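Asker: Provided herewith is a single structure, encoded as C-alpha cells, for subsequent inquiry.
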Amino acid sequence: YATKWLKKEPKILYNFSPVFSAVSVICAEREYFYKPNLTTWDNARLQCQACYKDLTTITPLNAEVIGLNLTSDYWIGLRQNMSGSKFWSQWANGEPVLYQNWYPGHPVPKKKPEPQPTCPPPPAINNTKTEVMQCPAFMNLCDCLNSSSGYDDDFIWGPTEMFNTTPGKKWCPALAKLCDCLNSTEKNETSLTQSTTTLAPTTLPSTSTISPASTISSDLEPEYIEDSCVVLLSFGMWQEKRCNEFLPYICYDERFYGDVQIYVETQSSAVLTWSVAGVNISRYRIEINGNQTVNITNGTSYNITGLDPGELYRVQIIPVKCERDINAQNISFYTSPESVSNLQLITYNDSIIATWDRPNGNFAWFNVTISSSMSENISCPTNITTNLNYTFKSLQSAALYTVSVVTYVEKDLNPSTPANKSDYTKPNPPGTAKVENINSSAVRLSWEIPANSQGVKNINYSVKYVSNFWNDKGNLTKTDNTSVIISNLKSGSKYTYNITVLAGTLESLPSVTSGKTESVNRTLTITLLCSSSTHLYCMNNDTIQNVLAEMKNIIWKKFEDNIYWNLNLH
C-alpha cells in the first residue's frame, strides 16, 4: 500500500559552450508514494530504487504538496556522506539541493576539539604543615563561587580561624590546583606564597544540586551524528537522525509517457509497438476494448489478431513494476474496412447507375468516384453516400468510364482498397453521312460526330459497305476520325455505307448513306425486229416508246440503280 500524489515540476538542464550558454526547461510529472512500512534509510532507498525512481527529493515546487500530505516522520533522499564535496549540497540521486527547511539547530556542525592545558604537578604537602596557595587574581572568583553555592560573604572556613590572614582577603583551598595551573601560565600576574603558619584543613561547602542553566543547555544542544540521514518531520521541517532508525519513507517516480504505434493495420489484425517503460518492468499488460487482456513479458510489440473490419479498437499498454501499474499508454485505431463486393454498372447514353453489396464489418460511408480518359467533361467526379448505389448523371455517350467505390470508417484514416468497374456509356449514332466520288474505284466517306459525344477522345467508328449487285462488301474500323477513303470498288456501282459507333461491346444505330463510283461507259446496241399485221405499226412513235419503256422496265428489274446504265433509242 502506498499513497500517491502527482506534481509537475521542471527539471533544469544546463548546456554550456565556449560561445554561448543555454538553459532548457523540461517539464516532468512526478508521482510521490508514501510508504508506511518502517525501515532504515539504506533499505528504504533500495526499495524505492527497485520499484520506483528513488527516495524523494524536495524542491521549492513540490515542498508544499509533499508537506500537506504528511502523517508521520519520513525518510527523504538526503544523507550527509552522499551530499557531494560539500555537506547537504546534493541529493542522493545526484540532483542539487535547491531548497532547505531545517529544524532550528540543524544540521548540527561537528565540534572542534578544545586544547587541553598542560599543568605542572601540584606542590607536595607534608603531614605537619598545610601548604596553602595564594591566588590573588581569583579572590573575586572564590567569592562568586561561595555566594553561588548559597553562602553569604562571611564565609566560614572551619572551626579554627585562619591566622596571618590579610584583612579583606579570603582563601579558597579548593582552588589550589586551579591556581597552580593558572599561576604556571601567568607568572607575571600571580605568585605563589607559602604560609609558615600551620592551618587546619578547611573544607569548601558542596552541594549536589545541578544549576538550571546547565540543564537547559545540555537538553537543547543537539547531538552531532556522524553520517546522518535526513527525516522530513510531520510538520514539514528537516532533521538529522541516525540512518539505522526505523521510519516510513517517501519514494518518487517520474510519470511514464511512452510512444505507442500501430503498424500494418489490416481488416483483421494490427501490429502494436511501444517504448520501454524503464527498468524492473515485470510485464506489460495489454487491454483491448476493456474486455480482452494479454500479458507480454518479453519484447515491446504484439500482433493483435481476430479483429473485425472497420471497427474502432481502444488499446491500453500498462507497464507493471513490482505489481504496481505504471501510467497506461493509450492508443485508438480502426481496422481497415472491407471493400464492397459485386460492384455492377448499368449504363445509359448520359448516365451510369453503380450498385454494390454491403461489406462485412463496420463502415461510415462510401466514397464513389468516376473518371474517364476519354472524357474530361465530368461535372461531379467524387461523391459520398451511405447508400448501396449511386447514379452519375450528365455524362457523355460512347465514353469509357471507371467507377471506384471506397469504404471509409473515419475521415483521414486508411480506407479500404477500392472496388473498380469500367464500362462505356451507350453510344448515339453518328451524324449525317455523305459520300463523294473520287474515281471509278474509290470514294470519300464522311460523317458527323455523334450527339453528346463532342470532345470525347478516341471514339471508334465501324464502317461497313456493300454492293448488292456485285455482292461486293467490306468493313473497316476508324478511330478518332470522321472520314475515310474506301478504294478497290467496282466502277459505276452503287454502294451502301453503314457507319456506327463502337463502345466496348456496345454498338450504336447506323448512320446510312449510299453512292456510286464513277462509271466506265460501254455502249451496247440492241436491234429489234418488229413485225405486225397492222400497216406501219412498228414505225409508229407510240409503238417505239412503248417498246423502249418495256425494255427499261426489264433492265430496271435486273439492275435497278445498283449499277450505272442508260437506254437510248437511236
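The values are calculated or read from the model by the stated rules, or taken from the named source; none is laboratory data. Note that the structure is a prediction, hence the values are computed from the model and not measured. Counting neighbours? That spans all protein chains shown, and the Cβs are built from the backbone with ideal geometry, glycine included.
Asker: Taking segment 257-270 only, how many residues are under 27 Å from Ser416 (Cβ atoms) and either of a type in the set (Gly, Ala, Ser) or at pLDDT 95 or above (or both)?
Answerer: 3
Asker: Please work out if Ser487 is under 30 Å from Ser453 (Cα atoms) and among the small types (Gly, Ala, Ser).
Answerer: yes
Asker: Select, from Val260, Val294, Val271, Val279, the only residue that is surrounded by fewer than 12 Cβ atoms within 10 Å (Cβ to Cβ) and of a type in the set (A, V, I, L, M, F, W, C).
Answerer: The unique qualifying residue is Val279.
Asker: Applying the selection to segment 471-503, what residues are within 17 Å of Met374 (Cβ to Cβ), touching a strand residue (DSSP E or B) at 6+ places or on another chain (Cβ under 6 Å) and at pLDDT below 90?
Answerer: Once the filter is applied, which keeps residues that are within 17 Å of Met374 (Cβ to Cβ), touching a strand residue (DSSP E or B) at 6+ places or on another chain (Cβ under 6 Å) and at pLDDT below 90, segment 471-503 yields Thr477, Lys478, Thr479.
Asker: Okay, moving on. Give me the pairs: first residue in segment 540-551 and in the same structural domain as Asn566 (by TED's automatic domain parsing), second residue loosely packed, with under 14 Cβ neighbours inside 10 Å, beta-carbon distance under 7 Å, and six or more apart or on different chains, which are they?
Answerer: The qualifying pairs are Thr543/Tyr537; Ile544/Leu569; Val547/Leu528; Leu548/Leu567; Leu548/Leu569; Met551/Leu567.
Asker: Do we have any residue at all in segment 540-560 that's at positive phi and at pLDDT 70 or above?
Answerer: Yes, segment 540-560 has at least one match.
Asker: I'd like to verify a number: residues in segment 238-279 that are under 30 Å from Trp88 (Cα atoms) and either in contact (Cβ under 8 Å) with a residue 60 or more places away in the chain or not in a loop (DSSP other than H, G, I, E, B) (or both), how many?
Answerer: Total meeting the criteria: 18.
Asker: Restrict the check to segment 108-127 and report whether at least one residue is at pLDDT 85 or above, more than 13 Å from Cys229 (Cα to Cα) and either assigned to a loop (DSSP other than H, G, I, E, B) or among the aliphatic types (A, V, I, L, M) (or both).
Answerer: yes
Asker: Ok, one more. Looking at (1) under 16 Å from Pro427 (Cα atoms); (2) free of Cβ contacts under 8 Å to residues at least 24 places away in the same chain, which is the one condition that is false for Ala398?
Answerer: (2)
The rows are residues; the columns are (1) in contact with a strand residue (DSSP E or B) (Cβ under 6 Å, 6 or more places away or on another chain); (2) surrounded by 15 or more Cβ atoms within 10 Å (Cβ to Cβ); (3) over 30 Å from Val271 (Cα atoms).
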residue: Asn330; (1), (2), (3): yes, no, no
residue: Pro337; (1), (2), (3): yes, yes, no
residue: Val340; (1), (2), (3): yes, yes, no
residue: Ile352; (1), (2), (3): yes, yes, yes
residue: Trp356; (1), (2), (3): yes, yes, yes
residue: Met374; (1), (2), (3): yes, yes, yes
residue: Leu395; (1), (2), (3): no, yes, yes
residue: Val406; (1), (2), (3): yes, yes, no
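Asker: Within segment 432-452, can one find any residue that is of a type in the set (Ser, Thr, Tyr), assigned to a strand (DSSP E or B) and surrounded by 15 or more Cβ atoms within 10 Å (Cβ to Cβ)?
Answerer: Looking for residues that are of a type in the set (Ser, Thr, Tyr), assigned to a strand (DSSP E or B) and surrounded by 15 or more Cβ atoms within 10 Å (Cβ to Cβ), one finds at least one in segment 432-452, hence yes.
Asker: Just to be sure I understand, how many residues within segment 71-90 are surrounded by 15 or more Cβ atoms within 10 Å (Cβ to Cβ) and either at pLDDT 95 or above or of a type outside the set (A, V, I, L, M, F, W, C) (or both)?
Answerer: Total satisfying the criteria: 10.
Asker: When segment 212-233 is examined, which residues are found to be at pLDDT below 95 and surrounded by 10 or more Cβ atoms within 10 Å (Cβ to Cβ)?
Answerer: Kept after step one, since they are at pLDDT below 95, are these residues of segment 212-233: 212-228.
Thr215, Ile216, Ser217, Glu221, Pro222, Tyr224, Ile225, Asp227, Ser228 - these are the residues of segment 212-233 that are at pLDDT below 95 and surrounded by 10 or more Cβ atoms within 10 Å (Cβ to Cβ).
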